[in-house]
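The values are calculated or read from the model by the stated rules, or taken from the named source; none is laboratory data. Keep in mind the model is a prediction, meaning the values are calculated, not measured. Please note: Cβ atoms are built from the backbone with ideal geometry, for glycine as well, and neighbour counts cover all protein chains shown. Side chains included, ligands, DNA and RNA excluded: accessible areas come from the protein's heavy atoms. Shrake-Rupley method; radii C 1.70, N 1.55, O 1.52, S 1.80 Å.
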Amino acid sequence: MKVGRLTITAGPPEGRELFPLADISVFEIGRAPGSHIRLSDESVSINHCRIFRRGEEYTLYALSEIKPTTLNGKDAKRAPIQHGDRIGIGAYELAFELLEPADAATPNPQLRRAAPNPPPGAPNDAAAAPPHGLSPARLVVLEGENRGTAFPLAERDKFTVGRAAGCDVRLPDAKVSREHCLIEQLEGQYIIIDLQSANGTIVNGERVRKTVLQNSDFLRLGFTLLKFEAAREA
């Protein structure tokens, strides 16, 4: 009988990256110390979600009413998990595999803990690079329809983020408002301002109206998860 395994493929560093789902039937996932799979980042709820195992069948159950659980980029309350599925838990992405028991403890080299490479046509950071050898600040899509795309925050002071075609950072996500939020550069800082969006602007798991972005902050807009990266040496 095959067994499931979760591998952390994106998100904050963790002591463990592989989690075989064997021997028991229920696996609790969250920030609580007693969780079977403990993810310590604040973007994760104390009791975030649960995986129920019945033979080779695995089912995901969301437990948090505040912080969503996603399956392949879509909000999931209760859903069966298939080999190759991706589960979003706060700032983390975990890949699910169904494997022979002997393989469950062996890392898969094809699952790398990083955001995927930008697809063809994604914005070119080099073209937008500011002077003095610095690459610009940017938003990188970790989860969502245009996953892997990087949006440089350069050459202007304000950037609109939303579903509308005219937005500087356009996210084709049904839960993102047409003009969802604004990112404004002021005296070297990037400030994010919610534009009274229907589903809110979430930074590191907390709903915000206005806050200063820090390097490696995670933004949840609808089904889309983005990472803010500050200007850095090229």
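What the table below lists for this structure:
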| item | result |
| --- | --- |
| Among residues of segment 49-65, those that are in contact (Cβ under 8 Å) with a residue 24 or more places away in the chain and exposed (fewer than 14 other Cβ atoms within 10 Å of the Cβ), counted | 3 |
| G90, sole failed condition from (1) touching a strand residue (DSSP E or B) at 6+ places or on another chain (Cβ under 7 Å); (2) closer than 20 Å to G144 by Cβ | (1) |
| Set I37, I46: member being open to solvent by less than 80 Å² (accessible area, probe 1.4 Å) and either over 15 Å from the mean Cα position of the chain (by Cα) or under 26 Å from N215 (Cα atoms) (or both) | I37 |
| Of all residues making up segment 1-32, the number that are open to solvent by 20 Å² or more (accessible area, probe 1.4 Å) and closer than 18 Å to N72 by Cβ | 1 |
| Residue match in segment 5-13 (condition: more than 25 Å from G205 (Cα to Cα) and outside any loop (DSSP other than H, G, I, E, B)) | yes |
| Residue within segment 130-147 that is farther than 21 Å from P13 by Cα, of a type outside the set (V, I, T), in contact (Cβ under 8 Å) with a residue 60 or more places away in the chain and in contact with a helix residue (DSSP H, G or I) (Cβ under 6 Å, 6 or more places away or on another chain) present | yes |
| L134 vs. criteria under 20 Å from V203 (Cβ atoms) and at pLDDT 50 or above | no |
| Enumeration of residues in segment 75-109 that are within 12 Å of I8 (Cα to Cα) and exposed (fewer than 12 other Cβ atoms within 10 Å of the Cβ) | P107 |
